[in-house]
Each structure stands twice: as C-alpha cells, then as structure tokens.
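The values are calculated or read from the model by the stated rules, or taken from the named source; none is laboratory data. What you see is a predicted model, and the numbers here were worked out from it, not measured in a lab. Note that we place each Cβ from the backbone using ideal geometry, even for glycine, and neighbour counts take in every protein chain shown.
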Amino acid sequence: MTNVDKIKSLLILPDYDKIDSGIELAISFNDQRIFEKLLDGCSIDFNIEGGNDHLGPGGGYRPVLNDWMQKKVIDNGKKLTSSTGYYIFLSLLLNINRETKVHDSLKLENIKELSLKKCCLERLPSNLSKLSALKTLDISFNEKLTDSKSDLSNVNQLDFLIDHGTPLKHNTDGDAWPDIFIIKYPSPEEVECNGCNENQESVEGMVSRYDGYFCSSCDQDYNNLWYYCYCCGDLVDPTINDYKIDYEKKIAEYDSLFDEEYDCKEQYRTKALVINNEIEFETICSYCEQDSRPADIEIHNILEGINNEEISQKIINNIEHKYEVDDNGLSDEQVEMISNFIEEHSP
C-alpha cells in the first residue's frame, strides 16, 4: 500500500477525527506530491446560478471535488448522512504550499471568494488563516456546523462572513464576531399571502410572483416549479437565490427565495446518475449537480458489463433518447463513449 493509499484509507472514513488523523499523516511525510495526487481533479470554479442579485452564488465560487471526494458527498445517487467530501477538500487545501502543483484556483494566494454554502460541513478545519487573500466567506446553510478548529477572526483580510442558517459561533471564545465583520440580516416582517390572505412571518420561503407574494402551499397550485432533488430531497431551483448583499452597508436582504423569473422546467434539471450500476435520469438541484456527476470509470464499467453480458443491454436502450440532450449531466467524453458503444452494438 502506497503512502497515498494509507492516507486515503483514513480520509474516506465517515469520521472527522479520522480525517484529521489522515491529514496529520499526510503532513508527516513532508512530501507535497501526496497533496498533489489527492487534490488532482479539484478546483474552485463552480458557480451556482442565482445568488447575489441573480448574478452569482453570493459568497463566491464553490469547490469542485474530484471523483473520490464526490463519493463522500453523494454515492449511488443519494446524499450521504455523514457527508465529508468538502471537509476532506478543505483540510488538504489548507496544507499545501506555494510549490505544490495544483490547479491555479487552489493556490492559496488566489482565493478571494469562497462559497461553502450547503456543503454539509459539521466542522471547519484548522489553518483557515492561511487564506491570506480571502475577502468573502460563505458558510451559510450548513445546519450541523457547530465546530471550528480555526478562529475565523484571525483570517485578517476577511471582510464578509455570510453565515445565514449556520449555528457556528465565530471564534474560540464562543462569542460572535465584532459587528464590523458580520453581514446583518433585517428583522423579519409579516407578509400577506395573495392566495390565502394569511400573514406569513417573513418573505423567506415565499414565492415572488408578478401579482405579489404567495406562500408555498398556494403557489404550488399555481405553477409547475415544484420539483424535489432526487439526491438530497430539497426543493430544486429556484430555491437558490436566498439573499442579496449591499457590500457598502454590510446588509444582506432576502432576495425572493422562490422566484418565477427563473425558468425551472423539469427537463432542465434532469441529470444523469449512476444508481446500482445503471444510468438513470433524475431531477437534481444545483447544489447536488456537481457532486452527483457520473465518473468516467463508472460509465466504462457499465459498458464493459453490458459487453460481457453481466449487465442488461436495456440499460443503454432506456437512455438512448436522453443521453444526447445538452447539459444532461454526462461529459462530452461520456456521451461519445455511449454513442460509440451503441453504434458498435447496433444490429
């Protein structure tokens, strides 16, 4: 077993302390090539549609995990109860140096915005202060994030921390940050639903329509925007746009959590998944999309299994009219693999 294999055997365990032990083991070898191999295929450049004024993810770009890290978030089409992929990524990232040969977006001095929104984090790793260029950090909607091995107040250049829906206290003393660092959310105000005329506590969770605000129950009768993610069970877009930020006033306001400006037709959110060695197409939210994409080796193994008569040919027959649809969750290379296979095996 190689050193990389030894480290990975700890990193893939669904236990944060074991992952920390794996990182300590990686550091002990004093060989940056280990980090290069483990981070191969990772970057920070996935931009969720929507977010800040409908233009971006609000807090910056999200990490793109490589195949084996993705499997620690979503496996066999379902989000794991203990989802550790993003913690593994951060822990590795924060222990590289200038000489480490990684994607340019992973160079610590290049990371100015980082969105960890809805990354299922339960802990933040140590050494976040090494992100010396970081200006905006979004850790919102990590409902189990209660622990941090880094004192975020020591991330000296950080101007904005977006922490909506996250229970983490922000420094080692358990106190909140000084107000200058915190984006403040306005107090909830009651809003009347135009459907049932009932008062709602705030616009959060309501739908902004051309004819006013509607609660989720009423709007569900009016349109067909309501789909649920196969992987995580949450509502599919347009639930992505939860705040807009006034950077000068340091105010974050709700920006139509559900907004009919978004074209949320089911076919646009239908993506390929590998489930029980079959290729299936399911409705997936933006946050799960990147982590549920089939790996090349998975497609290869399915085609090889069909070729060896270990897997039924109907798996390919069932997707013949779907796999060539644009932006279907398969890469161009994977579509070509399937096309070539069908052509070779056509009667």
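Some observations on this one:
- Here region 65-83 is the region considered, the condition is being within 12 Å of the chain's Cα centre (by Cα) and of a type in the set (Val, Ile, Thr), and the residue that is nearest to Thr270 (Cα to Cα) is Ile74.
- In this structure, Lys101 does satisfy being of a type outside the set (Val, Ile, Thr) and either in contact (Cβ under 8 Å) with a residue 40 or more places away in the chain or surrounded by 17 or more Cβ atoms within 10 Å (Cβ to Cβ) (or both).
- Applying a threshold of 7 Å to beta carbon distances and a minimum spacing of six or more residues, or different chains, the list of pairs starting in region 315-340 at a residue that is closer than 20 Å to Asn276 by Cα and ending at one that is at pLDDT below 75 and surrounded by fewer than 18 Cβ atoms within 10 Å (Cβ to Cβ) reads Asn328/Lys322; Val335/Glu324.
- Annotation note: of Ser312, Ser339, the sole residue that is out of contact with any His (no Cβ under 8 Å at 6 or more places or on another chain), surrounded by fewer than 15 Cβ atoms within 10 Å (Cβ to Cβ), hydroxyl-bearing (Ser, Thr, Tyr) and outside any helix (DSSP H, G or I) is Ser312.
Yes/no matrix, rows are residues, columns are (1) under 17 Å from Asp138 (Cα atoms); (2) more than 16 Å from the chain's Cα centre (by Cα):
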{"position": "Ile88", "(1), (2)": "no, no"}
{"position": "Leu92", "(1), (2)": "no, yes"}
{"position": "Asn97", "(1), (2)": "no, yes"}
{"position": "Thr100", "(1), (2)": "no, yes"}
{"position": "Glu109", "(1), (2)": "no, yes"}
{"position": "Lys112", "(1), (2)": "yes, yes"}
{"position": "Ser115", "(1), (2)": "yes, no"}
{"position": "Lys118", "(1), (2)": "yes, no"}
{"position": "Pro125", "(1), (2)": "yes, yes"}
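- The residue that is nearest to Ser148 (Cα to Cα), among those in region 1-29 that are outside any helix (DSSP H, G or I) and of a type in the set (Val, Ile, Thr), is Ile12.
- Test: residue in region 206-213 that is aromatic (Phe, Trp, Tyr), modelled with pLDDT under 75, more than 30 Å from Gln313 (Cα to Cα) and not in a loop (DSSP other than H, G, I, E, B): no
- Subset of region 283-302 [within 12 Å of the chain's Cα centre (by Cα) and assigned to a helix (DSSP H, G or I)]: Ser286, Tyr287, Cys288, Glu289, Gln290, Asp291, Ser292
- Every residue from region 327-336 that is surrounded by 11 or more Cβ atoms within 10 Å (Cβ to Cβ) and assigned to a helix (DSSP H, G or I): Gln334, Val335, Glu336
- Matching residues in region 99-119 - criterion: being part of a loop (DSSP other than H, G, I, E, B), in contact with a Phe, Trp or Tyr (Cβ under 9 Å, 6 or more places away or on another chain) and at pLDDT 95 or above: Thr100, Val102
- Test result for Thr172, modelled with pLDDT under 80, surrounded by fewer than 15 Cβ atoms within 10 Å (Cβ to Cβ) and among the β-branched types (Val, Ile, Thr): yes
- Output for region 156-169, where each listed residue is assigned to a loop (DSSP other than H, G, I, E, B) and either at pLDDT 75 or above or surrounded by 14 or more Cβ atoms within 10 Å (Cβ to Cβ) (or both): Gln157, Leu158, Asp159, Asp163, His164, Gly165, Thr166, Pro167, Leu168, Lys169
- Identity of the residue in region 17-35, crowded, with 19+ Cβ neighbours inside 10 Å and under 24 Å from the mean Cα position of the chain (by Cα), that ends up farthest from Lys72 (Cα to Cα): Phe35
- Within region 63-98, tally of residues that are in a strand (DSSP E or B) and either among the acidic types (Asp, Glu) or in contact (Cβ under 8 Å) with a residue 60 or more places away in the chain (or both): 5
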